[in-house]
Amino acid sequence: MRIGELARAAGTTPRALRHYERAGLLSPERAHNGYRVYDGQAVVRVRNIRRLLDVGLTLEDVRVFAPCLDGDMAAAPPSGRGLEVVLERLAVLEERIAAQSAVRDRLAAALREATGGRVRPVA
């Protein structure tokens, strides 16, 4: 299948597919006219890449999961490095959430102080 067909089947864009190719996550064949040609398994691979990106991993993180991108990732046993990547990403998110919560709390306190408590932030 060609790039547009794969994009439609996988629910993404040709631009994203070219991005995954540059990242080394997709390796299409080339037709005699230079067009990219993907096999049917590429749909599964792209959907798995999208799932990993959707949960907050980066393309660099996704590379760790390359050996299992062509199959049922939910059924595959987790790898040690895969678990490390997920734990690292969770730690980063927890730090960001804590930082944003601290900013929210300071802003809410400033609002209460400035208005004598008459205006309360929306919780």
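Brief remarks on what is shown
- First in the stretch 106-123 and free of Cβ contacts under 8 Å to residues at least 60 places away in the same chain, second anywhere and assigned to a loop (DSSP other than H, G, I, E, B) and aliphatic (A, V, I, L, M), Cβ under 7 Å, 6 or more apart: Leu111/Val119
- Residues satisfying the stated conditions in the stretch 23-50, i.e. of a type in the set (Lys, Arg), farther than 10 Å from Ala10 by Cα and crowded, with 20+ Cβ neighbours inside 10 Å: Arg36
- Here Tyr20 passes the criteria (1) of a type in the set (Phe, Trp, Tyr); (2) surrounded by 15 or more Cβ atoms within 10 Å (Cβ to Cβ); (3) at pLDDT below 95 except the one numbered (3).
- Within the stretch 64-87, the set of residues being within 23 Å of Ala10 (Cβ to Cβ), outside the structural domain of Tyr20 (by TED's automatic domain parsing) and not aliphatic (A, V, I, L, M) comprises Gly82 only.
- Top-ranked residue of the stretch 1-16 - restricted to ones that are in a loop (DSSP other than H, G, I, E, B) and more than 21 Å from the chain's Cα centre (by Cα), ranked as surrounded by the most Cβ atoms within 10 Å (Cβ to Cβ): Met1
- Some residue of the stretch 17-27 being part of a helix (DSSP H, G or I), aliphatic (A, V, I, L, M) and under 16 Å from Asp70 (Cβ atoms): yes
The values are calculated or read from the model by the stated rules, or taken from the named source; none is laboratory data. From a predicted model like this one, the values you see are computed outputs, not experimental measurements. Every residue, glycine as well, gets a Cβ built from its backbone with ideal geometry; the counts of neighbours run over all protein chains shown.
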